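First up is the structure itself, then whatever we jot down about it.
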There are 4 protein chains.
Amino acid sequence: FRRGVHQLRDLPAPTIESLAKRARLRPCDVLENEAESSAMGARQYSPAQHLSKWNARPKTVLLVQKPDDDRANQAVARLLRHLTEHHPYLTLLVEPHTARYHDTYPDLVVVDAADQALLPLYTDLVITVGGDGTVLHTSHLFAEGECPPVLSFSMGSLGFLLPFHIDSMAETLEMTLAGPVSILNRMRLACTPIDQNGQVLQCAKAVGDVGWQVMNEVTLHRGRHAHLTVVDAYFDGQHLTEAMADGLLLSTPTGSTAYSLSAGGPISHPGTDAFLLTPIAPRSLSFRTVILPGSGVVKLEISPLSRSPAELSVDGREVCELRAGEAVIVGKSRYPIPCVERAAGGSGWVRDINSLLQFNVGFRNKSLRSHHEA
Amino acid sequence: FRRGVHQLRDLPAPTIESLAKRARLRPCDVLENEAESSAMGARQYSPAQHLSKWNARPKTVLLVQKPDDDRANQAVARLLRHLTEHHPYLTLLVEPHTARYHDTYPDLVVVDAADQALLPLYTDLVITVGGDGTVLHTSHLFAEGECPPVLSFSMGSLGFLLPFHIDSMAETLEMTLAGPVSILNRMRLACTPIDQNGQVLQCAKAVGDVGWQVMNEVTLHRGRHAHLTVVDAYFDGQHLTEAMADGLLLSTPTGSTAYSLSAGGPISHPGTDAFLLTPIAPRSLSFRTVILPGSGVVKLEISPLSRSPAELSVDGREVCELRAGEAVIVGKSRYPIPCVERAAGGSGWVRDINSLLQFNVGFRNKSLRSHHEA
Amino acid sequence: FRRGVHQLRDLPAPTIESLAKRARLRPCDVLENEAESSAMGARQYSPAQHLSKWNARPKTVLLVQKPDDDRANQAVARLLRHLTEHHPYLTLLVEPHTARYHDTYPDLVVVDAADQALLPLYTDLVITVGGDGTVLHTSHLFAEGECPPVLSFSMGSLGFLLPFHIDSMAETLEMTLAGPVSILNRMRLACTPIDQNGQVLQCAKAVGDVGWQVMNEVTLHRGRHAHLTVVDAYFDGQHLTEAMADGLLLSTPTGSTAYSLSAGGPISHPGTDAFLLTPIAPRSLSFRTVILPGSGVVKLEISPLSRSPAELSVDGREVCELRAGEAVIVGKSRYPIPCVERAAGGSGWVRDINSLLQFNVGFRNKSLRSHHEA
Amino acid sequence: FRRGVHQLRDLPAPTIESLAKRARLRPCDVLENEAESSAMGARQYSPAQHLSKWNARPKTVLLVQKPDDDRANQAVARLLRHLTEHHPYLTLLVEPHTARYHDTYPDLVVVDAADQALLPLYTDLVITVGGDGTVLHTSHLFAEGECPPVLSFSMGSLGFLLPFHIDSMAETLEMTLAGPVSILNRMRLACTPIDQNGQVLQCAKAVGDVGWQVMNEVTLHRGRHAHLTVVDAYFDGQHLTEAMADGLLLSTPTGSTAYSLSAGGPISHPGTDAFLLTPIAPRSLSFRTVILPGSGVVKLEISPLSRSPAELSVDGREVCELRAGEAVIVGKSRYPIPCVERAAGGSGWVRDINSLLQFNVGFRNKSLRSHHEA
């Protein structure tokens, strides 16, 4: 009977009752008045909740895959086979490029760009197949609001955002669908570009009502311009510093192992309720990363001293160019990304910074482990 | 009628009713069962409360001063004159060295070492006159439990822990006693040394029931030993890393501008709910500061590979020497230090990292502000 | 009789005898066969000679000024008046834009682009008026060979490359023309881009026979490309490392206070005979600046793993884009820049890193000068 | 006939003729008058000579081994067997602890402490068996003057100072004795402690006429004292900076991978003619390693602001304690350590920083090699 339904907008809309019954993880406990009173809608995610349990039986699952990649296509084929065989009741949503490649599955519901805003309403679970970039893309798909739990498969080595390998697809799926599973709520930033008058800037890549939702970091960078970027950084309205640098970035704890790490920043546990402000190649001897509490709001404003505009990027995608007097406002998003974690006790992060980043890796020669061993 | 009362223990004990009426700032909203269930008693301070208002009329005030310092003695003399003249109803507690120097004030109540444990019961407000070290000493006086609000005067330049100058003593006192004043709850660490069997170590400098309360940092250092310290660091029971270094320190956000900064760590806003783990001269190319959420517990254990014991210091005071297999357990204390802040809007910290630390200070020559300016 | 001579090429060529008599500073003692045998012509500058004395009476002086700058124009006007009044025997060379602005001086000899290659043959002394960029431009004017002594005036604050202020123009000029003056030979890099076959790349901005002569640094950077640059770095033919970063730069000691400093590199005395290899925002926890002896040759090759070309810049000017397999060869130039230094004993550099860079500047609050002062 | 000769002082002294005939590597080409004119005798080692060839047939060989170590004892036993069998003409010098252990070799010549000063006169080649510390000990044995070539064997993994493994002992020995072999002249520092009047300090561990000869670094450190060390650093008589820190160290290029690396310093090729000045845990945001040319002289003086004495260590051995006003003078020693290098082309150092230090080691997860790879 679902045969022929190909577009998300053609599905019956969820009723209020069904939405109310959804045992969806609440990503943050928002007091309604707080939510209303916050222009940015970005402050309510409580760090105490960075870990939670999820026990819902999803009905609608969105599959997100790395495009134009043979291994991803094959992995998604296996996934589709498994789901349609063992869980035929599930509604499966896919992006157009996935539907095109897997056209023998007639019941896939295609979500095209026009329907993207509907995703939070329909989706109970997201499954990603690809790399970190595929998870970032998922965050982008849910840029306008709440994101359902995300289960991420790697096709190669595991990673911070990739706790599961595609080879254990069947067990992992069954474990997740049966529940309960551990969820790590990864903080996102809500980020809004404004003009000299404080009005939201209409950039080429449109910003949503609640700003862009950012998983790793917001970056201002000189990009193709030869001149240094000069940025005035404010915290809760106070002038923190004038950064003269190739760039300046504000990172989430999750992003501390991405661009922020390259810029020399510290490594943060994803459960920390804080932002990391780090310059890229600053023209200063005395700049250090600044750790700011997640309850605050940061403004990064292009200084009138800046001789070129700066490129604004969120999670590595350039979204617009800011000129002197223009700024970006950044705070904690009320919409974290709830990531399904491995079951075994303990934080995957502790293991990952050792195995993936080779954090504090030992010297190969034991005699080098002292300053001057005999 | 108070004449002749010289020892704290001779004062009438506060009644349950009077304690209940005390409009004392609650440093943390502890659910009683949580408090009971936590072996360390160290997890309940909520970062959302790092700022609060205090509106109580204190009846008992403890004066803490830098010892053997002429300027401090004179400043305390002025303070005593002001308080006895304008607020004769106040009970004034002092340490023995202060009582000896100011022996013309017959009504001072002397708190000797034997009575130190009673201080939290009696004291409504602490006034310090001296430097950062005097505030750290105050933290040490309240090492066994809750600390009342602390009002700190500098005799020279202001500092992170010294928001007020002694020259504005009268206004500042009146403002504080009248209330309400802004309070910054500075997180402390609770820190307990244990032996190979997990039993509390009985060091020379006795550790209290809830461990040592630490404002800046816990440090393990090779000290006078020539060999590197080897420390296994654990987070929430997981092995994080093996540090081979001159030392390793775990800092509060407040401590991020003390020893941690010297070791290369980032600068943290005092309202961040996090610990900073930073090595001192590590034998590694790939060690960075690690930011850990304040809800976790850190164990630093001397490795069997370590060829010498390590000195354990809290806030710069060496407290004992740990040998292989011995460890220190560190978590967030339930007893922060509530510091009276300057009234004007905004965080003193933003101003202080600029004015005191010369954070990101500009080059004097404008032409140096670009890489290659014409 | 010089009236009417406006182009450098119209001046009588110096005779062999006059050239032989020139008491020109020899920037490096090159054994002729060494010079011949070096494909790069880049290895003969001896660091032992980084300081020397210059005692020649110059006959031909090149004036180089910051273009389109009122203060520079006025300063050059004063300079021209002084020189034509007190030293009428001097032949004064200028760039076309200077000649246009100062058209009341009929005897100025204009050096247009076509004649630039003749400059080393004719010029005894260069006087610059402007900023660091003006000195870098001078280095560029003498990109094809030996550079005569350079006397540099600042119109504002002094700098590493700007030891003299225009307000002391008359005394400084008289001191220099009378001699002897101290000369600091600043090492330059000789830098040649090559293709996959080792042939010199013909970039838009033509490279000379001896490569580009570089005063500060050679930089490979991703620039406007979003992907990281991947560069294989070789030292004397051995593979040193694969750098995955926003960029990679090789700096002279002089350049250690320019872009290299921003990238986190150490500060080098200009007399050190070494190169500094430093990454910009490397994707690694374990990259550090590498110091290489000035006698070696560095090759930076775009890796086949690199997903975008890299921009090659010398002293901040982008000169071409290198693709996978293309490389740049860098060694010490045989043509340093001999800079006239202030007369007083001691190195201006020691003073400059303190006064200009605010190197190791003290904290404003004395109590911050210890970790935990009382 | 040598039977019975056990002490170095009992050997016939070398004649002037035999010394003249020694094809010993000259560690530096000293102009005699320069040597005389240098109070420190420390400036003549030419970096151009950091690589040379050695072709002499040694007659007297000193064996230096790690003491109290079974593997070292066994390795030395094999070495003695090989040398006495295949090269019976060699005179073998050993330290007392080696002679005691290998007492079945009656012809070993024992060098006791009293004869140490004679070593440069007699020794043609040193063979070390042990770790980096054994090489540093050899440097110490030749602290008073010229050091002959040093051939170093590791019993485990190779290292910067340990190019040969004991398993290839026979081939390596034959290759070295036959010659020619490549020699890397490793710069040493000459280091002299002085009192407030500039007189040489008579410390417990006596300093020789030419100061201590230091292979890795000279360190001033607070050691067991709680207060920071305050050191005024001078370069060629100019005040460079006031360092307020746990310590301050001046390193050779060889030492750049020892303590200096832990303190955050860059990695230097051993052929660089430079010193590296690096603080340990400085109380400053704006301190960086400073690279100074090897032709200069550094003075590190305990500041009158220092509240405790500082421990002076050379190559990790504490030699004395300096009080306010006392200082240490450091320059390049005229006596480098000539180290026998592996034969194959290219620098062992390039290989070693990669294989031993894991310099710029890649992340294990390829997706981490970009900031945000899809």
FRET efficiency, 1/(1 + (r/R0)^6) with R0 51 Å, evaluated for C:Gln7 and C:Leu51 via beta carbons: 0.90
Highest GNM mean-square fluctuation among A:Phe363, A:Phe287, A:Phe275, for chain A with Cα springs under 10 Å, belongs to A:Phe363
Quarter of Cα convex hull surface for chain D, i.e. mean projection, nm²: 21.9 nm²
Quick one: grab the alpha carbon gyration tensor of segment B:189-332, order the square roots of its eigenvalues as a ≥ b ≥ c, and give me rounded if a/c is under 1.5, else prolate or oblate depending on whether a/b is larger than b/c. rounded
Taking a label point 7 Å out from Cα toward Cβ, give me the nm distances from D:Thr84 to the same spot in the other copies, shortest first, one decimal. 8.4, 9.0, 9.3
Amide proton proximity set for C:Leu51, modelled H, under 5 Å, gap of 5+: C:Asn185
A correct Karplus calculation of ³J(HN,Hα) over segment B:289-297, with 6.51 cos²θ - 1.76 cosθ + 1.60, θ = phi - 60°, whole Hz and x for Gly and Pro, returns 4, 10, 9, 10, x, x, 7, x, 10
Theoretical FRET efficiency, 1/(1+(r/R0)^6), r = Cβ-Cβ of C:Ala170 and B:His140, R0 60 Å, to 0.05: 0.40
Taking the label point 7 Å from Cα in the Cβ direction, how far apart in nm is B:Leu51 from each other copy of itself, listed shortest first? 3.1, 5.5, 6.2
Under 13 Å from a point placed 7 Å out from the Cα of B:Asp68 along the Cα-to-Cβ direction: which residues of segment B:111-143 have their backbone N that close? none
Two-site label geometry, D:Gln196 and B:Ala343: point separation in nm, points 7 Å out along Cα→Cβ: 5.1 nm
When C:Trp212, D:Trp349, C:Trp54 are ranked with the fewest other C-beta atoms within 10 Å first, the list becomes C:Trp54, D:Trp349, C:Trp212
Checking C:Pro304, C:Pro266, C:Pro253 against a Gaussian network model of chain C (alpha-carbon springs below 10 Å), the top fluctuating residue turns out to be C:Pro304
Under Karplus coefficients 6.51, -1.76 and 1.60, residue-wise ³J(HN,Hα) of segment A:150-165 in Hz, glycine/proline x: 10, 10, 10, 10, 9, 9, x, 7, 6, x, 4, 9, 10, x, 10, 9
Reachable lysines, given that their alpha-carbon falls under 29 Å from the alpha-carbon of B:Lys299 and they are not under 8 places away in the same chain: A:Lys53, A:Lys366, B:Lys205, B:Lys332
For A:Gln7, go 7 angstrom from Cα along the Cα-to-Cβ vector, then report the distances to that same point in the other copies in nm, smallest first. 7.2, 8.9, 10.6
Taking the alpha-carbon centroid of each part, what is the distance from segment D:74-120 to segment A:309-348 in angstrom? 68 Å
Axis-nearest residue of C (beta carbon) for the C-onto-A rotation, whole Å: C:Arg224, 2
I'd like the mean, over residues of B:156-164, of how many other protein chain beta carbons sit within 10 Å of each residue's own Cβ. 3
Non-local amide H neighbours of A:Val319 (under 5 Å, H modeled in plane, Pro and chain starts lacking H): which ones? A:Leu312, A:Ser313, A:Val314
For the C:His227, D:Ser157 Cβ pair and Förster radius 51 Å, calculated FRET efficiency rounded to 0.05 is 0.90
Per-selection Rg to Rh, the protein assembly as shown - Cα, Kirkwood hydrodynamic radius: 0.99
Just the Kirkwood number for segment D:195-253, please: inverse of mean 1/r across all distinct Cα pairs, in Å, one decimal. 13.5 Å
For the Cα atoms of chain B, what angle does the longest principal axis make with the long axis of helix B:132-141, in degrees from 0 to 90, nearest 10? 80 degrees
Highest-MSF residue in chain A out of A:Tyr259, A:Tyr101, A:Tyr335 [GNM, Cα springs under 10 Å]: A:Tyr101
List the relative contact order of chain C as a percent without decimals, with contacts defined as Cα pairs under 8 Å and 6+ residues apart. 19 percent
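Since every read-out is calculated from the coordinates, none of them should be taken as a lab result. Keep in mind that what you see is a predicted model, and the values were worked out from it rather than measured. FYI the Cβ positions are ideal-geometry reconstructions off the backbone, even for glycines, and counts take in every protein chain you see.
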